[in-house]
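Student: The structure is given below, and queries will be raised subsequently.
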Amino acid sequence: MEYKIIKSKSIDELSKKVEELIQRGWTLVGSHQVVVYQSTNRYSGGRHVDTLHSVEYSQTVISYYSPVVKKE
């Protein structure tokens with residue numbers, strides 16, 4: 001069995017990566033995750049305007065088709 005965590009900065013990019021792996025026989029494990037890895041408060045003249053959040057999307061996948069390893 002092989003295990004991977006696929007990561008992306010955008011949900012569209014993550015979807016494309018996951019769809020490609022599903023077509024190659026990989027299986028999803030659980031649901032996708034969204035992690036805020038940085039928050040930046042923005043101010044204008046000392047007044048808080050808004051907060052920008054940088055996020056990362058991820059999805060865990062597994063494959064039961066392990067590659068054949070040749071022993072020498």
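The values are calculated or read from the model by the stated rules, or taken from the named source; none is laboratory data. These numbers were taken from a predicted model, which means no experiment stands behind them. In this analysis, Cβ positions are derived from the backbone assuming ideal geometry, glycine residues included, and neighbour counts consider all displayed protein chains. Quick note on the areas: whole protein, heavy atoms, side chains included, nothing else; ligands and nucleic acids left out. Shrake-Rupley method; radii C 1.70, N 1.55, O 1.52, S 1.80 Å.
Student: Determine which single condition residue 2 fails, assuming it passes every other condition in (1) surrounded by 10 or more Cβ atoms within 10 Å (Cβ to Cβ); (2) modelled with pLDDT of 95 or more.
Tutor: (2)
Student: Something else now. Given the residues 43, 57, 37, 3, which is the only one that is of a type in the set (Ser, Thr, Tyr), in contact with a helix residue (DSSP H, G or I) (Cβ under 9 Å, 6 or more places away or on another chain) and assigned to a strand (DSSP E or B)?
Tutor: Sole residue among the options that is of a type in the set (Ser, Thr, Tyr), in contact with a helix residue (DSSP H, G or I) (Cβ under 9 Å, 6 or more places away or on another chain) and assigned to a strand (DSSP E or B): 57.
Student: So residue 47 fits all but one of (1) surrounded by 10 or more Cβ atoms within 10 Å (Cβ to Cβ); (2) at pLDDT 95 or above; what number is the exception?
Tutor: Unmet condition: (1).
Student: Could you please find all residues in segment 14-27 being within 14 Å of residue 63 (Cα to Cα) and surrounded by 14 or more Cβ atoms within 10 Å (Cβ to Cβ)?
Tutor: Result: 18, 21, 26.
Student: Looking only at segment 4-43, count every residue that is among the hydroxyl-bearing types (Ser, Thr, Tyr), over 15 Å from the mean Cα position of the chain (by Cα) and more than 24 Å from residue 54 (Cβ to Cβ) and tell me the total.
Tutor: Result for segment 4-43: 0.
Student: Return the pair list, or none, for Cβ contacts closer than 8 Å from residues in segment 8-19 that are in contact (Cβ under 8 Å) with a residue 40 or more places away in the chain to residues that are open to solvent by less than 50 Å² (accessible area, probe 1.4 Å) and assigned to a helix (DSSP H, G or I), at least 6 apart or on different chains.
Tutor: Within 8 Å, the pairs are 8/14.
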